[in-house]
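The values are calculated or read from the model by the stated rules, or taken from the named source; none is laboratory data. The structure presented is a predicted model; accordingly, all values stated were derived computationally and were not measured. Positions of Cβ are backbone-derived with ideal geometry, glycine not excepted, and every protein chain shown enters the neighbour counts. The accessibility values were calculated without ligands, DNA or RNA, using every heavy atom of the protein model including side chains. Shrake-Rupley method; radii C 1.70, N 1.55, O 1.52, S 1.80 Å.
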Amino acid sequence: MPPADPLQEIESLREQLDSWNYRYYVLDEPSVPDVEYDRCMQRLLQLEARYPQSQRADSPSQRVGGQPLQQFRQVAHEVPMLSLDNAFSAEDMVHFNRRLLDRLSDGSDSLEFACEPKLDGIAVSLLYRDGLLQRGATRGDGATGEDITHNVRTIRSIPLRLRGGDCPTVLEVRGEIYMPRAGFEQLNARARERGEKTFVNPRNAAAGSLRQLDARITASRPLEMCCYGVGLVEGGVLPDRQASVLARLRDWGLKINPESAVVRGIDACNAYFDALALRRDSLPYDIDGIVFKVNELALQERLGFVSRAPRWAIARKFPAQEEITRLLDVEFQVGRTGAITPVARLEPVFVGGVTVSNATLHNSDEIERLGIQIGDSVIVRRAGDVIPQVVSVVLEKRPDSARAIQFPTRCPVCQSAIEREEGEAVWRCMGGLVCGAQQKAAIKHFASRRAMDIEGLGDKLVEQLVDEGLVDNVAGLYVLSRPQLLNLERMGDKSADNLLAALDASKQTTLPRFIFALGIREVGEATARNLARHFGNWAALASATEAQLLQVDDVGPVVADHLRQFFDSEASMAVVASLQQAGVSWPDIARQPEQDTPLAGQVWVVTGKLEAFSRDEAKARLQELGAKVAGSVSAKTTCLVAGPGAGSKLARANELGVEVIDEQSLLSLLATHGVDI
Ligand code: I6G
């Protein structure tokens, strides 16, 4: 029952919303469906409008941003915001440790360090007075920054009022405002859709979002803040260790990094660094290093500062995720569905831990958006699992010899016409199976492990077979003769026999594999599995109407249209008939409504490193069994699959009492349900 007194109801709604915000943004533990949150917020807004005397600056309703400012005010930091010294190797860390021990010279041979990832964001200071957020400021030059209070107020992980009543009278909290990778990708995808400018990386996106005079823009951006320390403190005492200070900040409602840890000795610091380096790509945010701080604050005080950096802390840096290189040329690749993709050939450059010499340029719109020319110096970015991207051109370095990129007017492989569907960014070759590039890509896909699994039929051999004119579609594989194979370069008796045996073995397949192997546009493994389960046999599937196709889980109008186009194409159906004539067959499967799948209605999460297959493959197998696979652990999670290196998701599952299994148990479960990996 809501309280009868509206002012009391307002207070209780504020408390409820603050608590949900804290659990969602600080503890990373969603506890309420969005609709329920929105319903309470609407009710609060309604009541606050009706009872203006109840208005309070720290109400959770006051985060949307008000009137735009004319300019940013300057803020003098009461305690300067310093920078950190850098280390670039394990050896640098050993020197750092030696310097610390020498300076302390109190006989101890190892120190305790607080370690945490260094987020690639914008350093800011938050000033709380009597627990209320008074001011947010950028670091600026360390002595003077800009007042961004109106913007920080819109960030949900920043409490407008600290929790608990025990905080110091004045508390200045420092940390990094950043944009998580997923939010950055979404923001850029939306900008691309609208033909607007995209951001180069999450850090620029965070900086651009904070540097807004209109806080309503900031409010619409997916920003978060992670706190790493304090500046000015008056009227209160903080704990005596860095890690305990962080724990206290978290109790007060501020977000701290869940990867924070305390280790003893410099070898343990280097081990922490190595472990996080392995997981860097799978973290939900960009980091550029790890910060190590002497944990004991009394020791920090004894160590003091040198010029503009504390002696007691160091940032060990990872290899840069962005580098400058030169665009040597652009080639146009034709994919399985005829999509023409411009690929940048780059002067090789070491970035994000690997040497990069190619990067996708996506499509002709992207070339135009970047304004890129051959010969240009470009910034290449490789972060996370994402394929390398050209993010911008350094125009000042454009040489006189730079030349414009000519997008082809016909298919660069088969010279067929190219077309672009309305609303699509991609140009496609209309040559279909006549196009050598599409033939090769279709055959490679057909032979791949998760499709027909034809052992020994690698990419190079497929290219040879097509180039020699021996095969032009997948059915041609099954009529290859031994003498034809022996005529190929580098093909011996044994390899030819092995390939023929592998082709023969692949004829006994399953309906889901066969559907997937056909390479129908937008029909991935999970959709193929759903189609097979829904229709049970090929004839029913191939004769299904669009309306019937739309009843299958995961099949929307676009996929249904691609499927119908495939089944209506005489050429495609002739290939299927030839495959069947050659002996390709599969057992029909029992029709199984989606809700009868063993994991229907369950929510699974996969984290950490798996040995037998990739995380994506594990997810696809779970989806085959009907599970929904989510990206984060919440109260709704049925089970977490945790491999080595599992971090915050495992911790959260344990906190919430969610079942956790290892890879071995997952493999047993899949085997029990007859799912092959
Ligand atoms: O720029 C920084 C990033 C992260 C820091 C920092 C940090 O701790 C995790 N800590 C200090 C003490 C300073 N800058 C000065």
If you check every pair at least six apart or on different chains, which have Cβ atoms under 7 Å apart with a residue in the range 522-540 that is more than 29 Å from Ala339 (Cα to Cα) first and a residue that is at pLDDT 90 or above and buried (at least 17 other Cβ atoms within 10 Å of the Cβ) second? His534/Val552; Phe535/Leu541; Phe535/Ala544
For the range 199-229, enumerate the residues that are within 16 Å of the ligand (Cβ to nearest atom), open to solvent by less than 20 Å² (accessible area, probe 1.4 Å) and not hydrophobic (A, V, I, L, M, F, W, C). Pro202, Gly229
Considering residues that are at pLDDT 95 or above and either among the aromatic types (Phe, Trp, Tyr) or outside any helix (DSSP H, G or I) (or both), the number found within the range 96-117 is 8
Would it be correct to say that Pro284 is away from the ligand (no atom under 14 Å from the Cβ), of a type outside the set (D, E, K, R) and in a loop (DSSP other than H, G, I, E, B)? yes
Scope the range 122-155; condition touching an Asp or Glu at 6+ places or on another chain (Cβ under 8 Å) and at pLDDT below 95; matching residues: Gly140
Please work out which one of (1) of a type in the set (A, V, I, L, M); (2) surrounded by 16 or more Cβ atoms within 10 Å (Cβ to Cβ); (3) more than 16 Å from the ligand (Cβ to nearest atom) is the condition Ala90 fails and give its number. (2)
If we scan the range 484-501, do we find a residue that is farther than 30 Å from Leu625 by Cβ and either in contact with a strand residue (DSSP E or B) (Cβ under 8 Å, 6 or more places away or on another chain) or touching a residue at least 40 places away in the same chain (Cβ under 8 Å) (or both)? yes
So, first residue aliphatic (A, V, I, L, M) in the range 71-83, second residue open to solvent by 60 Å² or more (accessible area, probe 1.4 Å) and more than 16 Å from the ligand (Cβ to nearest atom), Cβ within less than 8 Å, six or more apart or across chains; the pairs are Val75/Glu146
Residues that are assigned to a loop (DSSP other than H, G, I, E, B) and away from the ligand (no atom under 13 Å from the Cβ), drawn from the range 118-139: Asp130, Gly131
Yes or no: the range 177-198 includes at least one residue that is touching a residue at least 40 places away in the same chain (Cβ under 8 Å), under 25 Å from Phe318 (Cβ atoms), among the β-branched types (Val, Ile, Thr) and within 16 Å of the ligand (Cβ to nearest atom). yes
Taking the condition of being closer than 23 Å to Leu27 by Cα, without any contact (Cβ under 8 Å) to a residue 60 or more places away in the chain and surrounded by 14 or more Cβ atoms within 10 Å (Cβ to Cβ), how many residues in the range 648-669 meet it? 6
Report, by residue number, each residue of the range 622-647 that is open to solvent by 60 Å² or more (accessible area, probe 1.4 Å) and hydrophobic (A, V, I, L, M, F, W, C). Ala635
Could you please find all residues in the range 319-338 being outside any strand (DSSP E or B) and open to solvent by less than 20 Å² (accessible area, probe 1.4 Å)? Gln321, Gly338
Pair list, Cβ under 9 Å, 6 or more apart: the range 85-101 residue without any contact (Cβ under 8 Å) to a residue 24 or more places away in the chain, other residue outside any helix (DSSP H, G or I) and surrounded by fewer than 17 Cβ atoms within 10 Å (Cβ to Cβ): Leu101/Ser108; Leu101/Asp109; Leu101/Ser110
Residues (under 20 Å from Arg513 (Cβ atoms) and β-branched (Val, Ile, Thr)) located in the range 596-631: Thr597
By residue number, the members of the range 48-87 that are open to solvent by less than 70 Å² (accessible area, probe 1.4 Å), within 16 Å of the ligand (Cβ to nearest atom) and within 23 Å of Leu132 (Cβ to Cβ) are His77, Val79, Met81
Pick out the one residue from Gln321, Gln373, Gln389 that is at pLDDT 95 or above, more than 16 Å from the ligand (Cβ to nearest atom) and not hydrophobic (A, V, I, L, M, F, W, C). Gln373
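State whether the residues of the range 142-165 include one that is charged (D, E, K, R), free of Cβ contacts under 8 Å to residues at least 24 places away in the same chain and surrounded by fewer than 18 Cβ atoms within 10 Å (Cβ to Cβ).
Among the residues of the range 142-165, not one is charged (D, E, K, R), free of Cβ contacts under 8 Å to residues at least 24 places away in the same chain and surrounded by fewer than 18 Cβ atoms within 10 Å (Cβ to Cβ), which makes the answer no.
Would you confirm, using the coordinates I've provided, whether Gly476 is open to solvent by 10 Å² or more (accessible area, probe 1.4 Å), at pLDDT 95 or above and more than 15 Å from Ser585 (Cα to Cα)?
yes
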